[in-house]
Amino acid sequence: MVIQITGIPENTQDVEHLVSRVFFKAIDLLGGLSKLAEYRTLTWLPSLARASYVIVLRDEYLKTEEEIAEKVGLTKNTVRNILRADPTLALEKIKKLEELAKEELKEMKVHTAGGIAKLAYKMVKEGQDAETLVHYCQIVSEEVAKILDVPWAYMVLKHTKGVKYPVNDPSQLIEKLKDVKIKGHDAEEILNKIQYPVKNPATLLHEIKQVLSSKEEGMYSV
């Protein structure tokens, strides 16, 4: 599946990164690739990808329908239908995936793809990335911690496996890390000082590192 996106003045990598997050969240909302394969609806993926591009280009980069149509290779009318899609209706269809699969077995309807992409974009912006990406982020973060020989980071990631992100308050993390010391500090002390919500494992490590750095600066300034 190749979608040509040309002439975007913004950082193309930023666009691709956000579109990918929205696309994977859309798949997540539909039950994941295994569920799509079960209903033999993997043909929906191009429609979801195009809808993800349309929603990101309009809501994030304020592109016009004409600009989006040209960049994504869709008709202006198709772009308009995607942008007018009702996320609430799409959510209802997600709850009845079996009926949706029968109705749109060969090709996902434009308004359905648009509604799901809108919902996925909203959730991603709220910090609710797809479980697949969060899991991948956890694995990569663990490997980086090992390579850089950061024992506290590896310990934090090991003890917080299974945590659902975003994390909006410290209680769940404190419970997971109640017996863990982070560079000589009780985990609870550190976790009460980081910024919430925490969107993913990498963000958790970054926030902890910020608190540790501020503590070290305070020691040396005395």
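The values are calculated or read from the model by the stated rules, or taken from the named source; none is laboratory data. Everything numeric here is computed off the predicted structure, so don't read it as measured data. Because the Cβ atoms are built from the backbone with ideal geometry, glycine has one as well, and the counts that use them run over all protein chains shown.
Quick rundown of the values:
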| read-out | value |
| --- | --- |
| Qualifying residue in region 172-195 (condition: among the acidic types (Asp, Glu), surrounded by 12 or more Cβ atoms within 10 Å (Cβ to Cβ) and assigned to a loop (DSSP other than H, G, I, E, B)) | no |
| Output for region 196-209, where each listed residue is touching a helix residue (DSSP H, G or I) at 6+ places or on another chain (Cβ under 7 Å) and assigned to a loop (DSSP other than H, G, I, E, B) | 200 |
| Hey, residue 7 at pLDDT below 90, under 19 Å from the mean Cα position of the chain (by Cα) and in a loop (DSSP other than H, G, I, E, B) or not | no |
| Among the candidates 122, 118, residue that is touching a residue at least 24 places away in the same chain (Cβ under 8 Å), part of a helix (DSSP H, G or I) and touching a Pro at 6+ places or on another chain (Cβ under 6 Å) | 118 |
| Residue ID - nearest to the chain's Cα centre (by Cα), chosen from residues in region 37-57 that are crowded, with 24+ Cβ neighbours inside 10 Å and among the small types (Gly, Ala, Ser) | 52 |
| Meets criteria (part of a helix (DSSP H, G or I), modelled with pLDDT of 90 or more and surrounded by fewer than 15 Cβ atoms within 10 Å (Cβ to Cβ)) for residue 77 | yes |
| Any hit, region 100-123, residues being under 18 Å from the mean Cα position of the chain (by Cα), surrounded by fewer than 18 Cβ atoms within 10 Å (Cβ to Cβ), under 30 Å from residue 167 (Cβ atoms) and at pLDDT 90 or above | yes |
| Subset tally (residues that are among the hydrophobic types (A, V, I, L, M, F, W, C) and at pLDDT 90 or above) for region 178-204 | 6 |
| Residue among 57, 48, 74 that alone is assigned by TED's automatic domain parsing to the domain that holds residue 111 and within 19 Å of residue 28 (Cα to Cα) | 48 |
| Any hit, region 91-99, residues being assigned to a loop (DSSP other than H, G, I, E, B) and modelled with pLDDT under 80 | yes |
| Residue in region 158-169 that is modelled with pLDDT under 85 and not in a loop (DSSP other than H, G, I, E, B) present | yes |
| Residue under evaluation residue 128, criteria (1) more than 22 Å from residue 16 (Cα to Cα); (2) in a loop (DSSP other than H, G, I, E, B); (3) at pLDDT 80 or above, criterion not met | (1) |
| Criterion violated by residue 85 - all others in (1) part of a helix (DSSP H, G or I); (2) touching a helix residue (DSSP H, G or I) at 6+ places or on another chain (Cβ under 7 Å) satisfied | (1) |
